[in-house]
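Colleague: Quick one: structure below, then a few questions.
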Amino acid sequence: MADPDAGPTDDPYKPVPRTSGTFLTIGQGHRLVWLASQLGLWHEGSVLDWVPNSGGRIFELNRSITAGDPMPELLNASQFSIPPERELIYLDHERVLDWDRFTGDILIWDYDRSATTTDPFPTRLNSTSFPNVREDHQIVYLGGDMLLIWNETSGEVEVWRYDRTLLGEVDPFTDLEMSDSWTGEIEPGRKILYLGEDQVLDWDPTSGSHRIWSFDRPRMPAAQFDFLLNTDLDTAAHWVARAQERIVAYQVALAGSGTDPNFSATDDALRTHFHAQDHPSGLQFALAAILDMYVGMMNRFSTGTGSILQVTKETAISDLGGVSDYTRGYSTQGVGTRLTPAYRTNDTIGHPGLDGAGPRLRAAILIHETTHFLGDNPDTALEWQIQAYDALTPELALRNPASYASFAHQVTEGTFLRFGLEPWI
């Protein structure tokens with residue numbers, strides 16, 4: 001088990017193993033390949049027990065087991081012919097890279113989790129070749145669509161971005177994000193392993209010496225970020241417009257000037273997220289304050305998006321005072337909002353608190369951060385902090401950014417989604 005508090009020169013692995021036991025049917029000639037799990041279940045995962053040129057089995061990893069076989073449940077046993085000169089690397093989201101270390105040929109396969117007795121890699125998604133990437137290289141997937149390629153002979157190291165939209169006889173690794181040299185820093189023969197959470201292990205199998213490095217995850221390509229941001233702004237603006245409509249209709253019904261078919265649902269959402277009916281200054285005061293905030297949001301979404309920028313992980317850590325557990329987005333009142341690499345479309349970096357920013361979460365982030373941007377509105381309780389959120393006073397709820405995002409989503413889609421508990425949605 002890793003020690004999260006280990007110092008720079010301390011052993012990061014605790015003396016007592018997390019799990020100990022014996023694999024009775026996995027032995028010499030077998031290779032184990034991590035296949036992770038579905039969106040939102042990265043604390044679990046599947047492991048391929050692969051025998052080259054023969055096939056293999058897929059087991060479910062059970063992290064709760066501390067003694068014995070940690071993979072007792074068989075998910076798949078099948079035949080598939082992948083020769084021993086190839087290396088299999090999981091790329092997240094049901095993709096497996098198949099690399100021939102002697103020719104540089106690259107295949108990418110679809111991983112079918114529903115298969116139990118047939119080939120779990122039934123469909124070839126890509127076929128390309130890296131003729132200069134052969135046995136003196138290492139390829140490491142760094143999560144978040146980042147692929148590291150290290151030339152041990154020259155020391156050259158590069159990080160490429162994986163474009164999942166490119167399929168067929170085409171190279172899907174088209175954008176070079178970073179390049180450097182490890183000459184004099186990481187010697188040939190050492191093994192590079194990604195540990196998740198932007199940490200990379202550098203290990204010497206001969207001596208056992210090892211080091212752990214931090215990976216500064218880059219920003220998204222500008223065109224990709226702009227497209228994603230504009231799409232999410234449209235969703236956020238739709239939610240906010242719906243919230244305004246529902247509150248206005250609710251006010252009209254309260255005044256006796258008309259009927260509102262959604263009155264009960266709006267009343268329930270107002271009570272859940274703002275406790276507006278209990279505000280000491282009255283319900284109408286609370287409704288006016290909520291509407292004012294949403295008006296400000298709509299203005300920013302339509303005219304003020306130049307104040308929404310993306311930054312690297314290291315910039316975010318610096319801006320946030322050096323905390324290592326950076327966030328998806330943060331704002332300065334009246335100045336702007338910064339979105340980090342964790343604001344992306346369902347990519348993973350191996351960090352349970354940052355993995356999987358799905359489209360609803362991203363829209364909620366924009367509403368949340370705009371509430372910060374528009375005024376002195378601190379995070380009193382996030383929607384996933386169930387007890388604290390449900391116990392908010394009406395005064396605090398009117399300033400709480402998560403309340404605005406959750407209310408707008410609920411009156412639009414009809415459900416209370418605690419985004420932080422299901423970030424991949």
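The values are calculated or read from the model by the stated rules, or taken from the named source; none is laboratory data. Here the structure is a predicted model, which is why all the values come from computation and not from measurement. Ideal geometry is used to build each Cβ from the backbone, glycine not excepted, and the neighbour counts take in all protein chains shown. Heavy atoms of the whole protein, side chains included, go into the accessibility calculation; ligands, DNA and RNA do not. Shrake-Rupley method; radii C 1.70, N 1.55, O 1.52, S 1.80 Å.
Colleague: Of all residues in segment 111-131, which are buried (at least 16 other Cβ atoms within 10 Å of the Cβ) and within 25 Å of the chain's Cα centre (by Cα)?
Modeller: Passing the criteria: Tyr111, Pro120, Phe121, Leu125, Asn126.
Colleague: Let me ask you something else. One residue is enough: does segment 335-345 have a residue meeting the conditions surrounded by fewer than 23 Cβ atoms within 10 Å (Cβ to Cβ) and more than 22 Å from the chain's Cα centre (by Cα)?
Modeller: Within segment 335-345, one or more residues are surrounded by fewer than 23 Cβ atoms within 10 Å (Cβ to Cβ) and more than 22 Å from the chain's Cα centre (by Cα).
Colleague: Report yes if some residue within segment 256-267 is part of a helix (DSSP H, G or I) and buried (at least 16 other Cβ atoms within 10 Å of the Cβ); otherwise report no. Give the derivation first.
Modeller: Narrowing segment 256-267 to residues part of a helix (DSSP H, G or I): 263-267.
From what's left, buried (at least 16 other Cβ atoms within 10 Å of the Cβ): 266-267.
Yes, the conditions are met somewhere in segment 256-267.
Colleague: So which residues in segment 255-276 are in contact (Cβ under 8 Å) with a residue 24 or more places away in the chain and either in contact with a Pro (Cβ under 9 Å, 6 or more places away or on another chain) or not polar (S, T, N, Q) (or both)?
Modeller: Matches in segment 255-276: Ala265, Ala269, Leu270, His273, Phe274, His275, Ala276.
Colleague: Being at pLDDT 95 or above and in contact with a Gly (Cβ under 8 Å, 6 or more places away or on another chain) is the filter here, so list the residues in segment 133-182 that pass it.
Modeller: Of everything in segment 133-182, those that are at pLDDT 95 or above and in contact with a Gly (Cβ under 8 Å, 6 or more places away or on another chain) turn out to be Val133, Glu152, Gly155, Ser181, Trp182.
Colleague: Among the residues of segment 53-73, which ones are basic (Lys, Arg) and loosely packed, with under 15 Cβ neighbours inside 10 Å? Talk me through it step by step, then tell me what you get.
Modeller: Taking segment 53-73 first, the residues basic (Lys, Arg) are 57, 63.
Correct list: Arg63 only.
Colleague: I need every pair where a residue in segment 235-254 that is without any contact (Cβ under 8 Å) to a residue 40 or more places away in the chain has its Cβ under 8 Å from the Cβ of a residue that is hydrophobic (A, V, I, L, M, F, W, C) and part of a helix (DSSP H, G or I), sequence separation at least 6 or different chains.
Modeller: Qualifying pairs under 8 Å: Ala249/Phe263; Tyr250/Phe263; Tyr250/Leu270; Tyr250/Leu287; Gln251/Leu287; Ala253/Phe263; Leu254/Leu283.
Colleague: To continue, here is another question. Assuming His93 fulfils every condition listed in (1) more than 20 Å from Tyr194 (Cβ to Cβ); (2) at pLDDT below 95; (3) open to solvent by 30 Å² or more (accessible area, probe 1.4 Å) apart from one, which condition is it?
Modeller: (1)
Colleague: Please determine whether any residue of segment 320-337 is among the basic types (Lys, Arg) and farther than 25 Å from Arg161 by Cα. Write out each step before concluding.
Modeller: As a first pass, look at segment 320-337 and keep what is among the basic types (Lys, Arg): 328.
Restricting the remaining residues to those that are farther than 25 Å from Arg161 by Cα gives none.
No; the residues of segment 320-337 include none that is among the basic types (Lys, Arg) and farther than 25 Å from Arg161 by Cα.
Colleague: Name the residues in segment 31-52 that are open to solvent by 60 Å² or more (accessible area, probe 1.4 Å) and modelled with pLDDT of 80 or more, would you?
Modeller: Within segment 31-52, Arg31, Leu32, Trp34 meet the criteria.
Colleague: Could I ask something else about it? Can you spot a residue in segment 123-140 that is at positive phi and out of contact with any strand residue (DSSP E or B) (no Cβ under 8 Å at 6 or more places or on another chain)? Spell out how you get there, then give the answer.
Modeller: Applying the first criterion (at positive phi) to segment 123-140 yields none.
Checking segment 123-140: not a single residue is at positive phi and out of contact with any strand residue (DSSP E or B) (no Cβ under 8 Å at 6 or more places or on another chain).
Colleague: Okay, next question. Test Ala286 against the stated conditions and say whether it is in contact with a helix residue (DSSP H, G or I) (Cβ under 9 Å, 6 or more places away or on another chain) and assigned to a helix (DSSP H, G or I). Explain how you work it out, then say what you get.
Modeller: Working: in contact with a helix residue (DSSP H, G or I) (Cβ under 9 Å, 6 or more places away or on another chain): yes; assigned to a helix (DSSP H, G or I): yes.
Considered against the rule, which asks whether it is in contact with a helix residue (DSSP H, G or I) (Cβ under 9 Å, 6 or more places away or on another chain) and assigned to a helix (DSSP H, G or I), Ala286 comes out as yes.
Colleague: Out of Glu369, Glu395, Glu413, which single residue is charged (D, E, K, R), modelled with pLDDT of 95 or more and buried (at least 18 other Cβ atoms within 10 Å of the Cβ)?
Modeller: Details: Glu395 fails: buried (at least 18 other Cβ atoms within 10 Å of the Cβ); Glu413 fails: buried (at least 18 other Cβ atoms within 10 Å of the Cβ).
After applying the criteria, what remains is Glu369.
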